[in-house]
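Structure, as structure tokens:
The values are calculated or read from the model by the stated rules, or taken from the named source; none is laboratory data. Owing to the predicted nature of the structure, the values given are computational and were not obtained by experimental measurement. Every residue, glycine as well, gets a Cβ built from its backbone with ideal geometry; the counts of neighbours run over all protein chains shown.
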Amino acid sequence: MNPELLSLALLLFAALGLLLLRRGGPTRRTTVQGTHLAIEAIADGVVTFAGGRRRAVLAVGSLNFATLGEAKQREVVVGYAAALDSLTFPVQVLVRATPPDLTAYLAARDARAAREPHARLRHVARDRNAFVRRLAGGRAFIDRRFYLVVPTDDPRPAALSRPRGGREAADAGDETTAARQLAARCDDLIRQLGRCGLVARRLDDAELAALYFACWCPDIAGIERLGRELRDGGLVVAHERATSTATREGRVA
């Protein structure tokens, strides 16, 4: 075969391949967050993932165990053991250790120092604020937050869970069942942890979005805040640059 004809045929095949790729439309670049999270919705305190998996999250307070008396320590241990024994479903324990946002606190201290009428006291107050800033820059302050991730039972196959009325009726039934199951499990955990002296509460939609945002986007969570808008029972998430209002309120996300 003529080499020139062979080269021309190869060029035509290559051009045809490029044309087919372009007609297929632009490819979307997948992110790590999109690949691993696959969140479909956050509504009514429930995170819904692809495949029908649903989760709720409890924020749990802490307890200074070392300062308790011996009798109180035994009471806490017994209550904690009873809480673990009562579990009939798996839970995920999440501990976040992050530097706190001291912007609002230090701004208030600076304003108070500026209003101090005595020069020496004003100088001492400014030195103290500078000392706190140095400590914060060296990560001497750590803010620890504790969470429990509560799941629903794994969703059944669509062929087994589809009642009369089709797919929409099945989805609505699964959502209602999951919401009731999560509510019962969260209430039971809150009650059991309360016997140990631990205060727990369920996160709402905005708090759930902020938690996932902070965990999966830690590099920008400190310089951006989560714009939140409840619309049609769901959460629309948008990134917004931090404003002076967010700074005054001391919010990271």
> Any idea which of (1) surrounded by 15 or more Cβ atoms within 10 Å (Cβ to Cβ); (2) out of contact with any strand residue (DSSP E or B) (no Cβ under 7 Å at 6 or more places or on another chain) is the one Leu148 doesn't satisfy?
Replying inline: (2)
> Could you count how many residues in segment 70-92 are touching a Leu at 6+ places or on another chain (Cβ under 8 Å) and either at pLDDT below 90 or in a helix (DSSP H, G or I) (or both)?
Replying inline: 2
> For segment 136-145, how many residues meet the condition of being in a helix (DSSP H, G or I) and surrounded by 12 or more Cβ atoms within 10 Å (Cβ to Cβ)?
Replying inline: 1
>> Checking the condition surrounded by 13 or more Cβ atoms within 10 Å (Cβ to Cβ) and not assigned by TED's automatic domain parsing to the domain that holds Cys215, which residue from Gly52, Gly69 passes?
In response: Gly52
> Which of the residues spanning segment 151-175 are surrounded by 12 or more Cβ atoms within 10 Å (Cβ to Cβ), in a helix (DSSP H, G or I) and at pLDDT below 65?
Replying inline: Ala158, Ser161, Ala169, Ala170, Asp171, Ala172, Gly173
> Is there a residue being hydrophobic (A, V, I, L, M, F, W, C) and outside the structural domain of Arg55 (by TED's automatic domain parsing) anywhere in segment 86-93?
Replying inline: no
>> Residues to consider are Gly45, Gly52; find the one that is at pLDDT 90 or above and closer than 30 Å to Leu182 by Cα.
In response: Gly45
> Are there any pairs, at least 6 apart or on different chains, whose C-beta atoms fall under 7 Å, with the first in segment 78-93 and under 13 Å from Thr152 (Cα atoms) and the second part of a helix (DSSP H, G or I), and if so, which?
Replying inline: Phe89/Arg185
